[in-house]
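Below you'll find the structure, written out as structure tokens, and then a few comments.
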Amino acid sequence: MKQRAAVLGIGQTHHRSKRHDVSIAGLCREAADRALADANLSVGQIDAVVVGKAPDLFEGVMMPELYLADALGAVGKPLLRVHTAGSVGGATGIVAASLIQAGVHRRVLAVAFEKQSESNAMWALSITPPFAMPVLAGAGGYFAPHIRSYIRRSGAPGHIGAMVAAKDRRNGARNPYAHLRQADMTTEKVLASAMLWDPVRYDETCPSSDGACAVVLGDQAAAEASDQPVAWIRATSMRTEPTMFSGKDNVNPRAGADAAAALWQAAGIASPRDQIDAAEIYVPFSWFEPMWLENLGFAEPGQGWRLTEAGETEITGSLPVNASGGVLSSNPIGASGLLRFAESAMQVMGKAGEHQVAGARTALGHAYGGGSQYFSMWIVADTPD
Amino acid sequence: MTDVAVIGFAQAPNERHSPATTNGVEMLVPIFHEVFAATGLTKNDIGFWCSGSSDYLAGRAFSFVSAVDAIGAFPPVMESHVEMDGAWALYEAWLKILTGEAEIALAYGFGKSSAGNLRRVLALQLDPYLVAPLWPDSVSIAALQARLGIETGLWTESDMALVAARSRANARDNPAALRQAGSSDVSVVSGDEASAESEGTVRCLWELLARPYVAEPLRAHDCAPVADGAAVVILAAGERARELCGRPAWITGFEHRIDSASLGARDLTTAPSAAAAGNAAGASRAQVAELHAPFTHQEIILRRALDLDDGVNVNPSGGALCGNPMFAAGLARIGSAATEIINGRADVALGHATSGPALQQNLVCVMEAR
């Protein structure tokens, strides 16, 4: 039955608005080379490659994994291409893990990327096909009403979003790869920035980034043979629901809650609040931190903002969220989910450097996509069980 | 390793111009009904769903997102998507059963190829910096491949026409096929060229060879017709498969590989990735093979790469030459091959899928009766 799987190595690029110094292949290779070096493996030791990215229109290349086969050392090997909207980075990690858990392969390279400077994501999202609701020019306009609904339902004070943004940008300053590194960011500064989509301000919004993330996964034998610390994958979970339907709860989507419940159960976690030492949660707009804390079961509905307000989600708090700076500091869309998964692994491997959460042994990686309808998550730990 | 079998298959009729939207729902809902009715399953029995489709084919971002409306995905489902032919979605579904996370899994693929100019759209699969800006279209690249084989004496235009004639004859018994022998031929690559293949029936090889080139040395019959469609395959583990199907098609080998993207760096007259996948999957044991060859000469390449001798019944459905709905056709090959076992016509069958220009990526699924 299910074989054990572990993260052996992690790599990511320096995330920037425009990485004009590299091609798409060069960007992916930069992350892959770092992951292989981190795992102390060569590309020849990789059995299969899994590539993930968000819509192909974001670069203007149809199925770019075909062209990337050479750069990723996949020629002659199996190559899979995953696309599950914004959750794709997480799904990429999960598909790569399942190749090992299924007993098919021993070492797998997962690579996820986005090179937004090659095309225009806002344009790609704004194409309105017949018989479909328009996204209304980008994600901010789509999600702002959900956030307003959250604020109304929870009674959260108006500065919570700004607190999240200031924390994540300060955390980003501790992460050498982050796109935005703003060590002196404060709640007041965020509140003073321009309102884009009420209540989302400029500084509460993720940047548009070029970037890639790569993870090397291995089976138990490969993990035990590693001379590096590894992160054992304790559980994975994915759930999907339609974009819109009568009764859809955009603030607390059932797919996310179901995915989390399945995840905790599979990992044997009775109290996520007590048993998770660090969480990397997909927060593209600041207010999604309290919203997802509730959806994931870290807090009761309507209470997530209290954790943020009390400072519990700071890197020194009892439940550090996005110690890496998160999506608010770097958002290469297709890679953002895998970055969450990779950063959670880095925490339990003790490799997070300046943004290391002290004593982190069990961590959550989380991603979501589409209209709050695709969810992927995993739990990693420093021991196999 | 858990035993996994194909226990159900359905496909939408291949159409030159489907009235369906590009999100696939209108093509998927009827075939979900069909496969559930045949297996006695409902959506609640499916432990894992996986789809294959392309945003570029649909001309929009996130085309697969609307497709989950065909499932009725509430309560939420465990689901994933590959930006590949549905055959690779089936591979991911197979993995999920092997991990023990699902007992029954459903894979589907859909594509409305007619929504754009397919041969030009597929040019965007090429190296975006050095090759795609030249817009070498998919038919022209296949023509280069065919030309290389002719010039090195590996096949002739007559060999290619024979493949077309046999495929059309086989398609007579396949109600889903777009092109059937004796019926009017359909457009190959775009509406503009439909006039090149107007009324007419296929009486003999010479008649095919007398027709004009589309992209020399390819004639219309050498090219898969542009088609819209969808396909669905259900997998089940061990005992569940036996309960649900009298004669499950047990998967004994499921492998895929990719070759270099550099057209100038590979020998286009061979398909090393198909050979490697076939070798690992045990392809040469097959009695029946459904090969996803969108061009006649590619069937010749694949037969050699997969080491299929002359006794192997190739493409009893008519194959992709009689209907090549992008992102569903490979999955339909596996479903068609499995049906040969389920219906008792074969003991070992092979389904193949390809992706990318000139057979760059290949998948082989070998199934057998027990």
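Taken together, the values in this text are just the output of simple stated rules run on the coordinates, not laboratory data. On a predicted model such as this, the values are computed, not experimentally measured, just so you know. No Cβ is skipped: glycine too gets one built from the backbone with ideal geometry, and neighbour counts run over all protein chains shown.
Please quote Rg/Rh for the protein assembly as shown to two decimal places, taking the Kirkwood radius as Rh and restricting both calculations to Cα atoms. Mind showing how you got there, number by number?
Details: Rg = 25.3 Å, Rh = 25.9 Å.
Result: Rg/Rh = 0.98.
Over all directions, how big on average is the projection of the convex hull of the alpha-carbon atoms in the stretch A:208-249, in square nanometres? Working shown, then result.
Numbers: hull surface 24.7 nm².
Mean projected area of the Cα convex hull: 6.2 nm².
Highest mean first, how do A:83-93, A:61-71, B:134-144 rank when packing is the count of other Cβ atoms within 10 Å averaged over residues?
On the way: A:83-93: 32.2, A:61-71: 24.5, B:134-144: 18.6.
Ranking, from highest mean packing down: A:83-93, A:61-71, B:134-144.
Under the definition of partner shielding as Cβ atoms of other protein chains within 10 Å of a residue Cβ, what is the mean value for peptide B:121-130? Let's see the in-between values first.
Numbers: counts 1, 2, 1, 6, 8, 4, 9, 10, 6, 2.
For peptide B:121-130, the averaged partner shielding equals 5.
Could you tell me what % of all Cα pairs in chain B have separations over 27 Å? Please list the in-between numbers first.
Numbers: 28671 of 68265 pairs.
Value for chain B: 42 percent of Cα pairs lie more than 27 Å apart.
Based on the Kirkwood radius over alpha-carbon pairs, what value in µm²/s does the Stokes-Einstein equation return for the translational diffusion coefficient of the stretch A:1-65 at 10 °C and 1.306 mPa s? Walk me through the intermediate numbers first.
On the way: Rh = 13.8 Å.
Once the numbers are plugged in, D ends up at 115 µm²/s.
Rounded, prolate or oblate for the stretch A:1-123? Axes are the square roots of the Cα gyration tensor eigenvalues, ordered a ≥ b ≥ c, and the cut-off for rounded is a/c under 1.5. Mind dumping the intermediate values first?
On the way: a/c = 1.91, a/b = 1.53, b/c = 1.25.
Prolate, since a/c reaches 1.5 and a/b exceeds b/c.
Can you show me the helix-derived [θ] at 222 nm for chain B, built from DSSP H runs with n ≥ 4 at -39,500 (n - 2.57) apiece and divided by the number of residues, rounded to the nearest 500.
Values: 12 runs with 116 residues, N = 370.
The helix contribution divided over chain B gives -9000 deg cm²/dmol.
Tabulate in residue order the Karplus-calculated ³J(HN,Hα) for the stretch A:329-335, using 6.51 cos²θ - 1.76 cosθ + 1.60 with θ = phi - 60°, rounded to whole Hz; enter x for Gly and Pro.
Couplings: 9, 8, 9, x, 2, x, 8 Hz.
Using only atoms on other chains, find how many Cβ atoms lie within 10 Å of each Cβ of peptide A:84-92 and report the average. Let's see the in-between values first.
On the way: counts 9, 5, 1, 1, 3, 0, 0, 5, 0.
Going residue by residue through A:84-92 and averaging, the value is 3.
Could you work out [θ]222 nm for chain A from helices alone, using -39500 (n - 2.57) per DSSP H run of at least four and dividing by all its residues? Round to the nearest 500 deg cm²/dmol.
Details: 14 runs with 135 residues, N = 385.
The per-residue figure over chain A is -10000 deg cm²/dmol.
On average, how much area does the Cα convex hull of the stretch B:284-370 cover when viewed from any direction, in nm²?
Working: hull surface 20.2 nm².
With every direction weighted equally, the projected area is 5.0 nm².
What's log10 of I(q)/I(0) for chain A at q = 0.06, 0.09, 0.11 Å⁻¹, Debye sum over Cα points only, no solvent?
Relative scattering, expressed as log10 I(q)/I(0), comes to -0.19, -0.45, -0.68.
At q = 0.10, 0.21 Å⁻¹, what log₁₀ I(q)/I(0) does a Debye calculation on the Cα points of the stretch A:95-233 give, no solvent, two decimals?
The Debye formula, applied to the Cα set alone, gives -0.58, -1.18.
For every other residue with a beta carbon closer than 10 angstrom to the beta carbon of B:Glu15, add +1 if it is Lys or Arg and -1 if Asp or Glu, then tell me the sum.
Once all neighbours under 10 Å are counted, the net charge is +1.
Taking the 0 to 90 degree range and rounding to the nearest ten, how far is the long axis of helix B:138-151 tilted relative to the main principal axis of chain B, both from C-alpha atoms?
With both axes taken from Cα atoms, the answer is about 60 degrees.
Where does each of A:Leu72, A:Leu328 land when they are ranked from fewest to most other beta-carbon atoms within 10 angstrom? List each step's numbers first, then the result.
Values: A:Leu72 24, A:Leu328 29.
Least to most surrounded, the residues fall as A:Leu72, A:Leu328.
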